[in-house]
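The values are calculated or read from the model by the stated rules, or taken from the named source; none is laboratory data. Predicted model, so just to flag it, every value in this text is computed and none were measured. For neighbour counting, all protein chains shown are included, and Cβ atoms are generated from backbone atoms with ideal geometry for every residue, glycine included.
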Amino acid sequence: MSDRVVVTVEGGVADVRLNRPDKINALDPAMFAALVDTGERLKEDRSVRAVVLSGEGRGFCAGLDFGSFQAMAGAADGDRDTGSIGRTDGRITHLGQQAAYVWHEMPAPVIAAIHGVALGGGIQIALGADIRVVAPDARLSVLEIRWGLVPDMTGTMMLPRLVGLDVAKELTLTGRMVSGEEAVRLGLATRLSDNPRQDALGLAREIAAKSPDAVRGAKRLLNQSGLVSVADQFAAERSTIGSLIGGPNQVEAVTAYFEKREPVFGD
């Protein structure tokens, strides 16, 4: 795996860090590949109960690396979505989209810890997380319009779900910078923190202490809400609760509560 992403796992919490601090974690082909490889590997690891996604150095992610941008601009007309980043390889996403969407697909909850900047592709990666903890002075922008582009890393689906269609259009069509404080007010981020990574890790540890079956089931149900029919959503609720009741982890949750001890859950 590329050293573009560094991962440590402790106590069921995967600490995933974008690791290109000299470029403010800008996205190049190696970073795209490392994010997807990391996410796909963690998706299959049932011992992972929560994920924290952050950036080393001065910021979360400055967006697309300009070297990559120039290579794309130099591609033949009609061929700008080809190459390793543009291939779908049988998925519903290409590599660039999957670098963001893999966190949405992750069975375990993902918390993005945002400091410094999250711009363009960087903010779209953060949108793939379930929860965003952001520094008050962080700067976030759907920046693609500045370069005559559109968000193409799943942001056109994720952004309206968080902030509403009109605000999503305003942010996308202007590319304006949003502070961490405004991001929380808009619904773009979840909560403020003077130390986003530390607080995100604390929240991840809290979630990791819950029944992993219930946590995964809740994330799955909430992710599909509004994307399936009401009847299908209610049926999914019934199916999920039926699979939980009486299971070892559900019994352990109840038993530990009444015995006034910390639960010990199986993966």
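Key figures for this structure:
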quantity: Helices (runs of 4 or more DSSP H) enclosed by segment 145-209 - at least 2 residues per element that are in contact (Cβ under 8 Å) with a residue 40 or more places away in the chain, touching a strand residue (DSSP E or B) at 6+ places or on another chain (Cβ under 7 Å) and not polar (S, T, N, Q); calculated: 180-186, 196-208
quantity: Checking TRP103 against (1) assigned to a helix (DSSP H, G or I); (2) farther than 17 Å from ASN25 by Cβ; (3) not hydroxyl-bearing (Ser, Thr, Tyr), the condition it does not meet; calculated: (2)
quantity: Residues of segment 92-130 classified as touching a helix residue (DSSP H, G or I) at 6+ places or on another chain (Cβ under 6 Å) and over 17 Å from ALA14 (Cα atoms), total; calculated: 11
quantity: Enumeration of residues in segment 110-126 that are part of a helix (DSSP H, G or I) and in contact with a Gly (Cβ under 8 Å, 6 or more places away or on another chain); calculated: GLY121, GLY122, ILE123, GLN124
quantity: Residue list for segment 1-28, restricted to those being at pLDDT below 95 and either touching a strand residue (DSSP E or B) at 6+ places or on another chain (Cβ under 7 Å) or closer than 20 Å to GLY59 by Cβ (or both); calculated: SER2, ASP3
quantity: Options ARG161, ARG185, ARG176, ARG191: the member that is within 23 Å of LEU95 (Cα to Cα), among the charged types (D, E, K, R) and in the same structural domain as ALA100 (by TED's automatic domain parsing); calculated: ARG161
quantity: Members of segment 130-163 found to be among the polar types (S, T, N, Q) and either over 23 Å from ARG58 (Cα atoms) or in contact with a Phe, Trp or Tyr (Cβ under 8 Å, 6 or more places away or on another chain) (or both), listed by number; calculated: THR154, THR156
quantity: Residues of segment 8-50 satisfying the condition of being among the hydrophobic types (A, V, I, L, M, F, W, C), surrounded by fewer than 18 Cβ atoms within 10 Å (Cβ to Cβ) and in a strand (DSSP E or B); calculated: VAL9
quantity: Number of positions in segment 92-144 that are farther than 26 Å from GLU44 by Cβ, in contact with a strand residue (DSSP E or B) (Cβ under 8 Å, 6 or more places away or on another chain) and among the acidic types (Asp, Glu); calculated: 1
quantity: Enumeration of residues in segment 223-240 that are part of a helix (DSSP H, G or I) and either polar (S, T, N, Q) or touching a residue at least 12 places away in the same chain (Cβ under 8 Å) (or both); calculated: ASN223, GLN224, GLN233, ALA236, GLU237, SER239, THR240
